[in-house]
Structures are given as C-alpha cells and as structure tokens.
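The values are calculated or read from the model by the stated rules, or taken from the named source; none is laboratory data. Predicted model only: the values in this text are computed from it and were never measured. When we count neighbours, we look across all protein chains shown, and the Cβ atoms used for this are built from the backbone with ideal geometry, even at glycine.
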Amino acid sequence: MSAREEILGRIERVVPTRPAADVAADYARIDRGYLRRHHDDGVLALFAERVADYRAAVVRVPEHELPAAIAERLAARPGEHGIASGLPEEWTAATAAPLVRDPAADALDGLAGAVTGCAAAIAETGTIVLDHGPGQGPRALSLVPDYHLIVVRAAQVFPDVPEALERLDPSRPLTFVSGPSATSDIELSRVEGVHGPRTLEVLIAE
Amino acid sequence: MSPTAGTDRVAETMPTYVGMPSFPDAAREAVADARLRGNLAHATTTIRGRRAAAVAELDDWEALRAAGKQIKDHVLANLGHYLRLLEENVTAAGGTVHWARDAAEANRIVAGLVKATGETEVVKVKSMATQEIGLNEALAEEGIAAYETDLAELIVQLGDDRPSHILVPAIHRNRSDIRDIFLRAMDDAPEGLTDSPAELAEAARRHLRAKFLSAKVGVSGVNFAVADTGTLVVLESEGNGRMCLTLPETLISVMGVEKLVPSWRDLEVFLQLLPRSSTAERMNPYTSTWTGTHPGDGPRDFHLVLLDNGRTATLADDVGRQALRCIRCSACLNVCPVYQRAGGHAYGSPYPGPIGAILSPQIRGIGSDVDASLPYASSLCGACFEACPVAIDIPEVLVHLRARAVEQGPRHPLERAAMGAAGWTLRSPTRLALAQRAASMGRRFAGRRGRIRRLPGPLSAWTETRDAPVPPPESFRAWWARTNGGTEGDGR
C-alpha cells in the first residue's frame, strides 16, 4: 500500500470523509464573531504610525511630489538601484541616481537598493503586501539589495487584515513586509537588520 | 508499524535526544544551572509582558481565538477531504506532493529529492517538522550538508547544541554566549566582535550571504497550507526564509498533515493570532505565500512532503487530538513556570514546554522514560491554556496522558513516585477520568492567574490543601523546596 493510501486510510478510520456539501455547510457555521477592522477613521495616519513603529521611515507625499521624493531618497544612497518593468515612468522622472531596469539575478547583490510599488497595505499592522506584479519585480529584487523603497498609493491601504486579504490573489506569489528585516533571537528583543533589506522606506502617495 | 510498538516507534518517528533522562532528572540538572535560569527568566519575562500588550490591543481577541479553534477543529474533523483538496491544488499549480508515514520515510524522500538535483548542500529555514524528524542528521548520513539560516538555529548549529524553545531555539544563550560561539565556530567571524545584538546579527548576515546566493536547493517547513488554493505560507522575521523560498532552483517543504486551513479567508484569523502570540508583534517582518511554481520568479521545482509521523494516531485520541490545533507560537512556553525554570532541554524533544509535554508523548508514544514522564512536567496551573491562541486545553490533555502513561508506560521510579504521591486517584483510569473532568471544571473556577482557589461541592476538599486540581508526583515547588533549589542531593 502506498504511503498516501495508508495515511488517508488511517484518517478514514477515525474521521470518515463526508460529502463535500456537508463539509461546506459545517465550514459556513464557523463562528466569525471577530471584527473585520479595528479602526474606521484615520486609516492613513494609522498606517504611517504603525509602519514607523517598526523603525521604517515613512513619508506622506502628495501624488505630484512623488518624483521629487523618490529622487531625494535615492540620492542619499549612492549606487545603482533596481526597478522593475511596469513601475510608472513618471515616478523616476526626476531621479538622477543610476537605475537598472529588470536587473539579472546575479546583479542583485551589487545593487544599492530597489524601488517598487505594492499590491495592498494593512494599516492596523503596518504591513505592505507585494504580489510581484508590474512595477514590483520578482521576489528577489526587493530581497537581496540592502535597501527597499516602496511606494504605497493611498487607495491601496486597507484598515485591517481581513479586508486586505480579500483583495489579494493567492495564485500570485505574495510577500507581506512589516518593517525592515529583524530578529528576536537574541534574548527575545527585536533587533533590526539581518538577511533582508536592513533599511525600509515607505512613501505614501495621496 | 503499530501505534504502540514501544521504543521501535520512537526511533522511526522523532529521535529522543541520545541518553535523554526522564524529565525530573533532566530538569534537576537544568534548574541547578543558575546562568541558564537567568537567561530563561530574562527572556520569558520580556516576551510575556510584550505579548500581553499585543493581545490587549485587539478587543476581539477571544473571538479570534474561538474562530481559530473552530477552524482547526473543522480541519481535523474533515482531514481526508482537505488533504485531498490540497494535493489536487498544489499539483495543479505545478508542485509535486509526497506522502510520508513516518520520520524515516520523510527523510528518505527529502534525501532522494536532493540527490536527484546532484547537489550536496541545502539551505534551510527554521522548521519544527524537520527538527522533529531529524532531517539534518539524516541528510548528513547521505553526504548532504544542511545549513540552518535562522539566527537562533545557526547559534544552535554552530554551538553543537540542541534547540530549547520553539520560536527561539537558542533562548538559553545570552548575548555573550552567542559572541563566544561565533568567535569559536564561525570561520569568518569578524575580529573584535562584541556582544552587541546588531553586530551579532551583522556577522550572521555576512556569514550566510554567499550560501544564499549560491544555494540550489532550499528546505522549509510550512506554517499554513490553504487547501482550496494550494497556497503555502511561511512566517518569519529575518529574511532568511524569503531567501530559502525564493533563490534556490528547487524547494522542498515538509509539513505535518494537520497544518491545513480550508480556505484563503481563514488566514485573516491566523495572521492576527500567530504573530501576536509568538513574537508579540502586530505582524512579523516577513510572510511569504506561494502556490506551486511561479514562472520567472522563484524555484522551478517545488515539492511538498506531507508528514504523518504519529499525527493520525493522535487524531484517534478524542482528548489528545486537540494538540493538533497547535500553530507553534510558543506562548505556552513563555508563561509556564516549569519551563521557565527547567528550560527546554529537559523535555528531550524539539517540542519543549507545555505543548511539548502533550505533543511528544503522543507523536512518539509513551514507550520511553522521558515520554512517560512528560505528562508530569507540569503543575497544571492552566496558564498555558489561557495563553494558547487556539485554546488547546493542555492541562486536560496532560491529565489524560497521565492515565495512559500509567496504563501503558514503562514501569520506572516515576510511576511509583506518582502512585505514592497521588495515591488512589491515579491508580484507576476511571477515577483519573473523573479527576480530569474536575480539572477542566476547575479551570472554570480559576482566578486571573490561572490558579484555582476553591472548587464547589465535594471537590472543595481538594482545594483546601492545594491550588491545583490533580496532584503531580511531586510538585515543582515541593521539589524546589526540598532540594534547596536543586543545589542539594535528591535523597530519593
């Protein structure tokens, strides 16, 4: 007997499989008395505050000032920065720093940083979610370089976890980012900066 | 292999640490180690306070906890259905699913997959399942080097040590211990390395960077697997997980068959429960999700190993089954007075603390001294139950397993001690069952700190002399007092 048949057989003897409709009916009865969100108002301010709590730099900028804000951030970090196809052209229109579009995998470790957009953000937890679609690049782009600048549009910020998850597509690879790389492994205290980007900066475009 | 095949079963399922004494013997040594006690007290006290604050921030915590419990119970009640659904969806998304009856089979599968790539090195992200099956040791026997990349696992690996905490395996090491280990065992440790946590983290970053960039095979565990989409989820902090999940060409993930949630939506519960319970954060720094393979992004080859290893035997136990709800947050360790003093090593298993005391004997069977003694490694104070984000009634399972240990376990001094101290209650499974119900009832009368002041009716006789409902063979406090904090001979 294959391992698969044997394991499923052991399970079957304890909890026999029931018709899918019955399973679905039971699932629907799960009591979800928890809140869909913990805050209704001031969601952008809450998001900025919660991201900053992780010791990430957060700046709220009007949409039209975004190019200047990006240029200023990158100028402070000498070296080449990676961007992905699909990043709005105007975002980097004012940038003087050298940019590498769609860098090769073996070039990532030599980059000073990466600039990406995102798919959604969660105010309550200060989380930004990348789905690695246009303007975000493959997962390695925002992982290997030591600096990550993320642009979050105001409309992408949801109050809490449930509403953000609803809008994400699980068939895509997703990366949830809450602050810079950190560890709690030394005496259970949070220390920023291990393997992922040690500096995270967030521009909220409104 | 029969679920009660005794010590043979232990070897096939989860290795007991070599020469592991029973819990009381191991705990005696640990408690006598003042430095270990100091490190543990500092770390667990810090995290307890922070966790309480993180939980208090959400006024619907109890509703989230109830939902988490119900979702996991629903999965367990329909496990065959959801495993088939997961297999179907992972396969449809380009992954390959393997099934492993026990640790030995899982290790053979993983070693075979690594060999098929022609590689002799793998990078690993911290995983309880691979700890449980002793994967690193099994790979080493096949000539494959497994590099742990989580900072704490690295500390344990470089220090030739054993993990002592689910979340922070090197919790028994303080910063100066860690510096000493790095200077001794890390070939590229910077000269003049101090014990500043930032410098230690920097040293680990430099040490592992080349490994990440050249690794062709990654090995991970899984925090959650979403049945209806085939999505796998890994929560982490350092970015080593993202490296292992993203950069290699081949990814092999090992998960216990119980780590399922039915639907994508269910993550809205667990992504709130887990980070706050484990690292006391609103959210952990990084969570990665992937579904099969993603062309142009990440591994080209993805393998998922579904591990039974005693879980179906645990499922068959109506009372013990709830241990399979565990999401490995480690909150129960941090609040446990026994864990805080004895440390993780005394439990003789990758799963220490209260959850380990009910998980290890169920996964491995109670054929060994350490497993038969684990259900006694508790004062039944109930703090673990209160802290558990999926409401596992750990004291209830402990009492249940004590009955099983008395019925099936090896006859050793612990049993006699238990008999002597607990008298008639433990001698009969029927009476124990009554005591067990009383114990869970007792928790309903428990005060804020999880201590039972007074039970109603005939049970009041118990609480006149003690504040825990079922007497352990010797309570930790009594032992502590008798041996003057473990510094004097036991005289038993």
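Of all residues in region A:158-206 being of a type in the set (Lys, Arg) and either at pLDDT 95 or above or touching a Pro at 6+ places or on another chain (Cβ under 7 Å) (or both), which is nearest to B:VAL168 (Cα to Cα)? Lay out the reasoning, then the answer.
First, pick out the residues of region A:158-206 that are of a type in the set (Lys, Arg): A:167, A:172, A:190, A:198.
Now restrict to residues that are either at pLDDT 95 or above or touching a Pro at 6+ places or on another chain (Cβ under 7 Å) (or both): A:167, A:172, A:198.
Details: A:ARG167: 33, A:ARG172: 30, A:ARG198: 21 Å.
Among residues in region A:158-206 that are of a type in the set (Lys, Arg) and either at pLDDT 95 or above or touching a Pro at 6+ places or on another chain (Cβ under 7 Å) (or both), the one nearest to B:VAL168 (Cα to Cα) is A:ARG198.
Quick grid of which residues meet (1) closer than 17 Å to B:GLU281 by Cβ; (2) touching a Ser or Thr at 6+ places or on another chain (Cβ under 6 Å); (3) in a loop (DSSP other than H, G, I, E, B):
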{"residue": "A:GLU124", "(1), (2), (3)": "yes, no, yes"}
{"residue": "A:VAL129", "(1), (2), (3)": "yes, no, no"}
{"residue": "A:PRO145", "(1), (2), (3)": "no, no, yes"}
{"residue": "A:PRO162", "(1), (2), (3)": "no, no, no"}
{"residue": "A:LEU165", "(1), (2), (3)": "no, no, no"}
{"residue": "A:SER171", "(1), (2), (3)": "no, yes, yes"}
{"residue": "A:PHE176", "(1), (2), (3)": "yes, yes, no"}
{"residue": "A:ARG190", "(1), (2), (3)": "yes, yes, no"}
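Which residues, taken from region B:222-277, are of a type in the set (S, T, N, Q) and more than 9 Å from every other protein chain (Cβ to nearest Cβ)? Steps first, please.
Filtering region B:222-277 for residues of a type in the set (S, T, N, Q) gives B:223, B:229, B:231, B:237, B:240, B:246, B:250, B:253, B:263, B:272, B:277.
Across region B:222-277, the qualifying residues are B:ASN223, B:THR250, B:SER253, B:SER277.
Quick one: would you say B:ARG84 is out of contact with any Asp or Glu (no Cβ under 7 Å at 6 or more places or on another chain) and within 19 Å of B:VAL335 (Cα to Cα)? It would help to see each step written out before you state the result.
Details: out of contact with any Asp or Glu (no Cβ under 7 Å at 6 or more places or on another chain): yes; within 19 Å of B:VAL335 (Cα to Cα): no.
Taking the combined requirement at face value, the residue does not satisfy it.
All but one of (1) part of a loop (DSSP other than H, G, I, E, B); (2) buried (at least 24 other Cβ atoms within 10 Å of the Cβ) hold for B:ALA357; state the number of the condition that does not hold.
Only one criterion in (1) part of a loop (DSSP other than H, G, I, E, B); (2) buried (at least 24 other Cβ atoms within 10 Å of the Cβ) is unmet by B:ALA357, namely (1).
Failed condition for B:LEU324, given (1) within 14 Å of the chain's Cα centre (by Cα); (2) of a type outside the set (Lys, Arg); (3) farther than 18 Å from A:VAL15 by Cβ, with all others met?
(3) is the only condition that B:LEU324 fails.
Conditions tested, residue by residue: (1) in contact with a Ser or Thr (Cβ under 8 Å, 6 or more places away or on another chain); (2) closer than 15 Å to B:PRO24 by Cα.
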site	(1), (2)
B:ALA323	yes, no
B:CYS336	yes, no
B:HIS345	yes, yes
B:GLY353	yes, yes
B:LEU380	no, no
B:PHE385	no, no
B:VAL390	no, no
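Select, from A:ARG10, A:ARG36, A:ARG32, A:ARG18, the only residue that is surrounded by 16 or more Cβ atoms within 10 Å (Cβ to Cβ) and part of a loop (DSSP other than H, G, I, E, B). Full working, then the answer.
Values: A:ARG10 fails: part of a loop (DSSP other than H, G, I, E, B); A:ARG36 fails: surrounded by 16 or more Cβ atoms within 10 Å (Cβ to Cβ); A:ARG18 fails: surrounded by 16 or more Cβ atoms within 10 Å (Cβ to Cβ).
None of the others qualify; the one that does is A:ARG32.
Of the residues in region B:143-155, how many are within 12 Å of chain A (Cβ to nearest Cβ) and surrounded by fewer than 24 Cβ atoms within 10 Å (Cβ to Cβ)? If you could, list the steps in order and put the result at the bottom.
Taking region B:143-155 first, the residues within 12 Å of chain A (Cβ to nearest Cβ) are B:148-155.
Filter once more, keeping what is surrounded by fewer than 24 Cβ atoms within 10 Å (Cβ to Cβ): B:153.
Final tally of qualifying residues: 1.
Looking only at region A:16-23, decide whether some residue is at the interface with another protein chain (Cβ under 9 Å from one of its Cβ atoms), farther than 28 Å from B:ALA63 by Cα and of a type outside the set (Asp, Glu).
Checked region A:16-23: at least one residue is at the interface with another protein chain (Cβ under 9 Å from one of its Cβ atoms), farther than 28 Å from B:ALA63 by Cα and of a type outside the set (Asp, Glu).
Conditions: (1) more than 25 Å from B:GLU238 (Cβ to Cβ); (2) out of contact with any Ser or Thr (no Cβ under 6 Å at 6 or more places or on another chain); (3) buried (at least 16 other Cβ atoms within 10 Å of the Cβ); (4) hydrophobic (A, V, I, L, M, F, W, C). A:ALA93 meets all but one. Number of the miss?
Every listed condition holds for A:ALA93 apart from (3).
Restricting to region B:50-64, name every residue that is in a helix (DSSP H, G or I) and surrounded by fewer than 21 Cβ atoms within 10 Å (Cβ to Cβ). Spell out how you get there, then give the answer.
Just the residues of region B:50-64 that are in a helix (DSSP H, G or I), to begin with: B:50-56, B:61-64.
If the condition is that a residue be in a helix (DSSP H, G or I) and surrounded by fewer than 21 Cβ atoms within 10 Å (Cβ to Cβ), then B:ARG50, B:ALA52, B:ALA53, B:ALA54, B:VAL55, B:ALA56, B:TRP61, B:GLU62, B:ALA63 are the ones that fit.
What number of residues in region A:146-169 are closer than 30 Å to B:ALA201 by Cβ, of a type outside the set (D, E, K, R) and more than 12 Å from the chain's Cα centre (by Cα)?
2
Scan region A:28-50 and tell me whether some residue there is more than 11 Å from every other protein chain (Cβ to nearest Cβ), out of contact with any Ser or Thr (no Cβ under 9 Å at 6 or more places or on another chain) and hydroxyl-bearing (Ser, Thr, Tyr).
Scanning region A:28-50, I find no residue that is more than 11 Å from every other protein chain (Cβ to nearest Cβ), out of contact with any Ser or Thr (no Cβ under 9 Å at 6 or more places or on another chain) and hydroxyl-bearing (Ser, Thr, Tyr), so the answer is no.
Being loosely packed, with under 14 Cβ neighbours inside 10 Å, within 13 Å of A:VAL115 (Cβ to Cβ) and in contact (Cβ under 8 Å) with a residue 24 or more places away in the chain is the filter here; which residues of region A:74-85 pass it?
Result: A:SER85, single match.
Just to be sure before I move on: is B:ARG48 more than 8 Å from every other protein chain (Cβ to nearest Cβ) and within 22 Å of B:ASN284 (Cβ to Cβ) in the structure I sent? Don't jump to the end; show me each part of the working.
On the way: more than 8 Å from every other protein chain (Cβ to nearest Cβ): yes; within 22 Å of B:ASN284 (Cβ to Cβ): yes.
Here the answer is yes, as B:ARG48 does meet what is asked.
Scanning region A:137-179 for residues that are more than 11 Å from every other protein chain (Cβ to nearest Cβ), of a type in the set (A, V, I, L, M, F, W, C) and buried (at least 21 other Cβ atoms within 10 Å of the Cβ), which turns out farthest from A:ALA69 (Cα to Cα)? It would help to see each step written out before you state the result.
Taking region A:137-179 as the starting set, the residues that turn out to be more than 11 Å from every other protein chain (Cβ to nearest Cβ) are A:145, A:147, A:149-159, A:167.
Okay, now just the ones that are also of a type in the set (A, V, I, L, M, F, W, C), so A:149-152, A:154-155, A:157-158.
With buried (at least 21 other Cβ atoms within 10 Å of the Cβ) added as a condition, the list becomes A:149-152, A:157-158.
Numbers: A:LEU149: 11, A:ILE150: 12, A:VAL151: 10, A:VAL152: 13, A:VAL157: 20, A:PHE158: 23 Å.
Only one residue tops the list, namely A:PHE158.
Within region A:192-206, restricting attention to residues that are more than 7 Å from chain B (Cβ to nearest Cβ) and not in a strand (DSSP E or B), which residue is farthest from B:ARG209 (Cα to Cα)? Give the steps one after another, and end with the answer.
Of the residues in region A:192-206, the ones more than 7 Å from chain B (Cβ to nearest Cβ) are A:192, A:197-206.
Still in the running and not in a strand (DSSP E or B): A:197-198, A:206.
Numbers: A:PRO197: 12, A:ARG198: 14, A:GLU206: 37 Å.
Among those residues, the one meeting the criterion is A:GLU206.
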